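As C-alpha cells, the structure follows; a few thoughts come after it.
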Amino acid sequence: MKRYYLLWILLGILYPNMKGQVPANSPLGNVKKIEVSHSTYTFLTTNGRAQVTVYSPGVIRIRVAHQAFAPDFSYAVEVKPEACHVQVTDAKGLYTISTDSVTLRITKDPLRFTFLTKTGEVINADDPAFGTSWLGEEVTTYKTLQPGERFIGMGEHGGNLDRAGTACVNYNTDNPEYDDASDRMYSTIPFYMGLHDHLAYGIFMDNSSRSLFSFGAGSNRFDYFRASCGEMNYYFIYHSTVKGIIGSYTWLTGRTPIPPIWSLGYQQCRWCYFPEADLLSTAAKFRERHIPIDMIYLDINYMDHYKIFTWDPNRFPDPKAMTGKLQKMGMHLAVIIDPGVKIAKNYPVYQQGVDSSLFIKYPDGTNYAGQVWPGWCNFPDFTMPKTRAWWGRWVKTYADEGVTGFWNDMNEIAVWGKEVPDLLNLNWDGLHTTYRQAKNVYGFQMARSTYEGAKKYMDGKRPFVLSRSGYSGLQRYTAIWTGDNQAKEDHMLLGVRLINSLGLSGVTFAGMDVGGFSGNPTQSLYTRWMEIGAFLPMYRAHTTINSNREEPWDFGETCEDIARRYIGFRYQLLPYIYAGFYESSQDGMPLNRSLAINYTNDSTIYDPEFQQEYLFGPSILVAPVKGTESLCRVYLPEGNWYDLFNDKPYAGKQVIVANSELNRLPLYVKAGSIIPMQKLVESTADNSGDTLFINLYEGQQPNQYRYYEDDGTTYKYESGHYYKRLISYDPQQAMLTFGKKEGSFTSRFHVITLVLHGFTPEEVQHLTVNGAAKTVTPEEIRFFTSHFAFADYGPFDTKHVLSVSFPDNDNEMQVHW
Ligand code: GLC
C-alpha cells in the first residue's frame, strides 16, 4: 500500500496536471434568490444563474450562466418580448410561471424546468439529476426523453426524418461529397421539434459556437443539447401544431421575403461556363429548344485570377453588354462571390480591406490569412457594420453591370478543408468575440452583407442571393443549397430530406445541385432529378468542372423532352409557387412540407421507405423515387387524393403501388385543393396571357386558398401594391367563392378558367357564376396538364376534365353548381 502511495506522489511530481485536469460535471445548484423585472425572472443559484423571459404565450426563453449574463445580442432573433398575460406562484421549493398557453414549473432545490400544458401534461422536462450543467466551459441542458418521442428539424443534417437515436454536430464545414450519415454540414440551425403523446414543442438554442444535439444517441437516459462555450440560451416553443411551432420559430428568427419571380424559374449552372461565348450559346440553346429558363450562373472562372469583384478581361471583356444580351433573351445572370480576398498589390478590394481594417484579425492585430481559390487570402469581418457596408458597395459594381443574382460560396469559412484557428478576433457588432463563437454565423452575415448591398443599389429591384453556409435567420436574406452532393440516386433522395428538414427549420428557399455536383449522372438519374427539381423551392442544376456537360439535351432526346415538360409544368405552376412564397413570408410555412407538418401523428410517414415524401405547397404530394424504379410504393396519408397525371382518385391512409416509369414522377393532389396555374411561358419575362386557371379538386372538406400576386420584381408590395384574394371551397353548399381583391396591384389575369377535377358532368350541369348560367365543357385532360407538359403521358384512366371560363372583375364572385 505504502509503495503505491509513493508511486502516486512520484507521478504527481512528474505529471503535475494529471489530477483534476478534466473538470467534472458541475450543476447549476439550488435557488438562493429570485428577482423579477417585467416579463423576466432571474434565479440566482448556488453555482450560477438562470433567467426566464416570456416572449409570447407560447414562447419562453431560458438563459443560464455561471456569472453575470453577457450583453443580450443575437444575429438570429429579431423580436423583443411581447406583452402578455402571465401568472406567477411562489411556494416553498416551487415557482410557477403560467401564460395562457403553457405553464413552466420550476423546482428550486435543485433548479429544474418542466413545461406543462394547461391541463398538466408534461411537454418537456429537464433531466431531474442534471438539468443544465457545465463540463468546463461546455454548457449542456439535459432533458428527459419522453416515451416514444420523435425529433424533427435541425436544418441541413442527413439521416432520417425522425432523428431519435442520432446526434447532430453544428459546425459549419466545407464537406464535399458528404454522405448520408455525415453530421458536419455547411449550415447550422440549432432548432428541433420534439413530438410525443400528440404533443409538439420546439427548442431553439441560440448559441452559435460549436454545438451538439443528441436525441437519445449513446444514452437512452436523456436527450441533450450542448454548446462549447458561452451561455445556455434557448427558446422553448409550444403550440398545438408543428405549423404553429414553425410559425413561432420564424416569428423569432424572421421569414423569407418574397423572392423575385424570376428566381423561381429554372436555373442553369455549371462550374464553369466560359468564355462569354459559351455562356451565351448555352443560354441561346435553351431558347432554341424551347426549354424554359430564367437564370444562368457564372462560377469562379469568370474572375481575374479568382479575385472577387473582378472579371477576367479576356473571357468576359464586356460584362454589361453580356448581361444585356441575356436580358434580351429573358434571362438573369448570377455570379459566384467567395469571401476570400486575394492578397495582391494593386487590387483595390484587398487594399481597401487592409487600409480600413475590414478583415478578420489575429489577437495581435495582424490580418488572418488562409488559402483558398485565389491563393493566400484575407477574409472580411462581416460581423463588423463597416465591413458590411463596404462589401455592399462592391456588390453594387456587379449590380451596375446588370448582375442580379449573387452566389456566396466557401463561407463556412472554407480554407482547403483546414481549420481556421479559433483565437481570431471578430467585431461582433461592437461586442467583440472570437472565431469560436462567430464561425457558424460567418456565412449568414456574408449573405446578409450581400443582400443588403444588392437591395440598396438595385434601384428598388429584388436581388437573388444564394449562400452555402448559414445560421438560424439566414432565411431573411438568402436562399441556400445543400453544397457538393454526388451524382448518385441516394444523394438525390438525401437532398430531398435535407430540403424538407430545412423547411421544418424556417428555411423555405432551398435547393440542391440537380444532377449531382461530383460524378456523372446516368441518363435515368439525371432525368429523375430534373423531375424532382421542378418541385423544389429552388430549381437549379449544377455540376463540377470535370464532369461531362449536363444540360438537358446532353442526355438524349427522351430526357430532353421529359426535362422540357417538367420545367414547363413548373412554369405553369408559378402562380401557385409564388403564392406559396407569399404564404411563407407571412407564417414561415415552407414550400417543401415534410409530411410531419400535416400528418405529425401518423407513424407511417416516418418509415424510411416513405420519409422523403412531402407536400409541395399545400396541395401537391411528391413521392421522390429513384430513376431506376419504374414501379414504387407510395404512402398516401389521411384524406383523399388524385393522381396528378390522370385524376384517378385514391383513398388515403394506404400504401399504393405507383407507376414511376422514367417520365412519371409520382405526384398526387389532395382532394379539395385549389391550384392556380397559368399558360406555359419560357421565361417569367414572357407574357403569361390573360387567363388564370383555377384547378378545383372535388373533396368532402371545405378549403380556403389565398391567391397572391404582385409585380414579381420590386418591393412595392411592401406598401400595399399587391393583389390578394381569398378563394373558398364549400363542398356542402356546392360553391366556390372568390373574395373581393385586396391591394392596389392589378392582376395580370382578367379571365378565370375554372378546371373541375373529380366532378361528373351531371354534378355541374347547372353551374352559375354570380347567378348567371354557364356551360361547362369537357376538355382534354391536357387542359390542365397541358400539351407542353404531360398531355400524351398515358394511358390515362380519365381523359377529360370539365372547364368553364368567365371574366373576372375582382369583386366577390360566387360559383355555384
Ligand atoms: C464549391 C461549391 C461549388 C462550386 C465550386 C467552385 O465546391 O460548392 O458549387 O462550383 O466550389 O466554385
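So the values come out like this:
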quantity: Integer Hz, Karplus 6.51/-1.76/1.60 couplings in order for the stretch 648-664, x for Gly and Pro; calculated: 5, x, 9, 7, x, 6, 8, 8, 10, 9, 10, 6, 10, 4, 4, 8, 10
quantity: Fraction of accessible area attributable to carbon and sulfur, the stretch 595-669 (%, probe 1.4 Å); calculated: 45 percent
quantity: Accessible surface of the stretch 64-129 [probe 1.4 Å, protein heavy atoms]: carbon and sulfur percent; calculated: 53 percent
quantity: Dimensionless Rg/Rh of the stretch 595-669 - Kirkwood Rh, Rg from C-alpha atoms; calculated: 0.93
quantity: Environment charge at Met303 (Cβ cut-off 15 Å; Lys +1, Arg +1, Asp -1, Glu -1); calculated: -4
quantity: Carbon plus sulfur fraction of accessible area for the stretch 221-327, probe 1.4 Å, in percent; calculated: 52 percent
quantity: Cβ charges +1 (Lys, Arg) and -1 (Asp, Glu), total dipole of the chain, debye; calculated: 2160 debye
quantity: Mean separation of Cα contacts under 8 Å, 6 or more apart, over the residue count of the stretch 674-816: relative contact order %; calculated: 25 percent
quantity: Residue order for Arg564, Arg448 - accessible surface, 1.4 angstrom probe, largest first; calculated: Arg564, Arg448
quantity: Cα centroid separation - the stretch 45-85 against the stretch 473-542, whole Å; calculated: 36 Å
quantity: Protection-proxy order for peptides 470-481, 684-695, each taking the mean of Cβ atoms within 10 Å per residue, highest first; calculated: 470-481, 684-695
quantity: Calculated FRET efficiency for the pair Gln327/Phe806, C-beta based, R₀ 51 Å, to 0.05; calculated: 0.90
quantity: Principal-axis tilt of helix 523-533 within the chain, Cα atoms, nearest 10 degrees; calculated: 80 degrees
quantity: Relative contact order %, the chain, counting alpha carbon pairs below 8 Å whose residues are six or more apart; calculated: 10 percent
quantity: Signed unit charges on C-beta, dipole axis of the stretch 21-253, positive-most listed residue Phe73, Thr166, Ile246; calculated: Phe73
quantity: Accessible area in square angstrom per residue, the chain, 1.4 angstrom probe; calculated: 37 Å²
quantity: Solvent-accessible area of His198 with every protein chain in place, 1.4 Å probe, in Å² to the nearest 10; calculated: 140 Å²
quantity: Total formal charge among the other residues, if their Cβ is under 10 angstrom from that of Arg150, Lys/Arg +1 and Asp/Glu -1; calculated: -1
quantity: Estimated dipole of the stretch 674-816 in Debye, rounded to 20 [Cβ of Lys and Arg +1, of Asp and Glu -1, Cα centre]; calculated: 220 debye
quantity: Extension reserve of the Met735-Thr713 stretch, reckoned as 0.36 nm per residue once the Cα distance is removed; calculated: 4.5 nm
quantity: Listed residues Phe236, Pro190, Met154: farthest to the positive end of the dipole of the stretch 21-253 (Cβ charges); calculated: Phe236
quantity: Net +/- balance of residues flanking Ala479 in space, Cβ distance below 11 Å, scoring K and R +1, D and E -1; calculated: +2
quantity: Square roots of five times the Cα gyration tensor eigenvalues for the stretch 674-816, Å; calculated: 26, 21, 13
quantity: Rounded FRET efficiency, nearest 0.05, which uses the C-beta distance separating His290 from Lys626 and R0 of 30 Å; calculated: 0.60
quantity: Relative contact order of the stretch 21-253, defined on C-alpha pairs under 8 angstrom at six or more residues apart (%); calculated: 19 percent
quantity: Anisotropy class of the stretch 463-583 from Cα gyration tensor, a/c 1.5 cut; calculated: oblate
quantity: Heavy atoms of Ser805: accessible area, 1.4 Å probe, square angstrom to 10; calculated: 60 Å²
quantity: Note, ³J(HN,Hα) from phi for the stretch 536-542, Karplus 6.51, -1.76, 1.60, rounded to Hz, x at Gly and Pro; calculated: 10, x, 10, 10, 10, 8, 8
quantity: Within the stretch 328-360, backbone nitrogen closer than 17 Å to the virtual label 7 Å beyond the Cα of Ala389 toward Cβ; calculated: 352-359
quantity: Potential lengthening between Trp416 and Leu431 on full extension [0.36 nm per residue; Cα-Cα distance subtracted]; calculated: 2.4 nm
quantity: Convex hull of the chain built on C-alpha atoms - directionally averaged projected area, nm²; calculated: 38.5 nm²
quantity: Förster radius 41 Å - calculated FRET efficiency between Lys653 and Asn546, Cβ distance, rounded to 0.05; calculated: 0.30
quantity: Shape of the stretch 95-235, Cα gyration tensor, a/c cut at 1.5; calculated: prolate
quantity: Listed residues Val634, Val655 arranged by accessible area, highest first, probe 1.4 Å; calculated: Val655, Val634
quantity: Square roots of five times the Cα gyration tensor eigenvalues for the stretch 340-460, Å; calculated: 23, 16, 14
quantity: Dipole magnitude of the stretch 563-635, debye to nearest 20 (Cβ charges: Lys/Arg +1, Asp/Glu -1, about Cα centre); calculated: 420 debye
quantity: Positive-end extreme of charge dipole, the stretch 21-253 - chosen from Asn25, Gly216, Thr42 (charges on Cβ); calculated: Thr42
quantity: Ile656 accessible area, assembled protein chains, probe 1.4 Å, Å²; calculated: 10 Å²
quantity: Rg ratio (alpha-carbon, reference 2.2 N^0.38 Å) - the stretch 412-535; calculated: 1.24
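The values are calculated or read from the model by the stated rules, or taken from the named source; none is laboratory data. Just so it is clear, the model here is predicted, and its values are computed rather than measured. Note that each Cβ is placed from the backbone with ideal geometry, even for glycine, and that neighbours are counted across all protein chains shown. Ligands, DNA and RNA are stripped out before the accessible areas are found, and what is left, the full protein with its side chains, is counted by its heavy atoms. Shrake-Rupley method; radii C 1.70, N 1.55, O 1.52, S 1.80 Å.
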